[in-house]
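**Student:** Questions regarding the structure given below will be posed in turn.
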Amino acid sequence: MPKRPPSDAAELIPDRPTLASVRAAATRCRACDLWKRGTQTVFGEGASKAELMFVGEQPGDQEDLAGHPFVGPAGKLLDRALVEAGIDRGAVYVTNVVKHFKWEPRGKRRIHKKPNAAEIAACRPWLDTEIELVKPRAIVCLGATAAQALLGRQFKVTAHRGEFVPSSLAPLVTATVHPSSILRAPDEESRHLEMERFTDDLRKVARALKQKSS
Ligand code: SF4
């Protein structure tokens, strides 16, 4: 009888994990049903010992096709904000709480669908292992899904964005909006304003990292 894949992502994690071996293992994950819908597992990427890790919700349409996180429109916006905040994109690590794209069809388009609590929990071992291996000094949750997964269900990004929250995950942990929300702003003026606020949140993180190391 063919061997069934483990139903728990933790069972796939190698004994002496490295980012490369965990990334390879995640390609075989079947711990929730999202693998059936997504093109591939989109694992985190970036500097292996990054000081700063960004955690988003899940890969989007373009990320799903490319197999890389934050390469679509929201990722480009994040890149721009990083430049404006003086943070080297090559020195950060970007990932998501859920590694497969959840979507529903609308005509010919694939529309993003929010992952549910069970999917987020099933995927969590991958994120925990990434945090354990990278050991970032700062983690920035992007958007409510990531913030509530990491900081608790009651956490409200709108009320507490940019604040540092005590956490065992890293010395500095904070949350801000997901860059995709800036893209959804109703007009150019509010988009510009939201981009400024987002960049300010990132500047705050850059300053805190500098203070911690001085
Ligand atoms: S979303 Fe996460 S838990 Fe679900 S199949 Fe993909 S990698 Fe596994």
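The values are calculated or read from the model by the stated rules, or taken from the named source; none is laboratory data. Because the structure is predicted, anything quoted here is derived from the model rather than measured. Positions of Cβ are backbone-derived with ideal geometry, glycine not excepted, and every protein chain shown enters the neighbour counts. Side chains included, ligands, DNA and RNA excluded: accessible areas come from the protein's heavy atoms. Shrake-Rupley method; radii C 1.70, N 1.55, O 1.52, S 1.80 Å.
**Student:** Filter the range 17-41 down to residues that are crowded, with 20+ Cβ neighbours inside 10 Å and near the ligand (Cβ under 6 Å from one of its atoms), then give me how many there are.
**Tutor:** 6
**Student:** Just checking, which of 110, 28 is outside any helix (DSSP H, G or I) and under 26 Å from residue 14 (Cα atoms)?
**Tutor:** The conditions single out 28.
**Student:** May I pose another question? Quick one: would you say residue 107 is touching a residue at least 40 places away in the same chain (Cβ under 8 Å) and open to solvent by 60 Å² or more (accessible area, probe 1.4 Å)?
**Tutor:** No.
**Student:** Working only within the range 110-123, note down all residues that are open to solvent by less than 70 Å² (accessible area, probe 1.4 Å) and in contact with a helix residue (DSSP H, G or I) (Cβ under 8 Å, 6 or more places away or on another chain).
**Tutor:** 110, 115, 119, 120, 122, 123
Each row is one residue, and each column tells you yes or no for (1) away from the ligand (no atom under 16 Å from the Cβ); (2) open to solvent by 20 Å² or more (accessible area, probe 1.4 Å); (3) farther than 14 Å from residue 58 by Cα; (4) of a type in the set (Asp, Glu).
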residue: 87; (1), (2), (3), (4): yes, yes, yes, no
residue: 95; (1), (2), (3), (4): no, no, no, no
residue: 98; (1), (2), (3), (4): no, no, no, no
residue: 125; (1), (2), (3), (4): no, yes, yes, no
residue: 131; (1), (2), (3), (4): no, no, yes, no
residue: 138; (1), (2), (3), (4): yes, no, yes, no
residue: 142; (1), (2), (3), (4): yes, no, no, no
residue: 148; (1), (2), (3), (4): yes, yes, no, no
residue: 162; (1), (2), (3), (4): yes, no, yes, no
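**Student:** For the range 133-146, what are the residues that are farther than 23 Å from residue 210 by Cα and in a helix (DSSP H, G or I)?
**Tutor:** Those that are farther than 23 Å from residue 210 by Cα and in a helix (DSSP H, G or I): 144, 145, 146.
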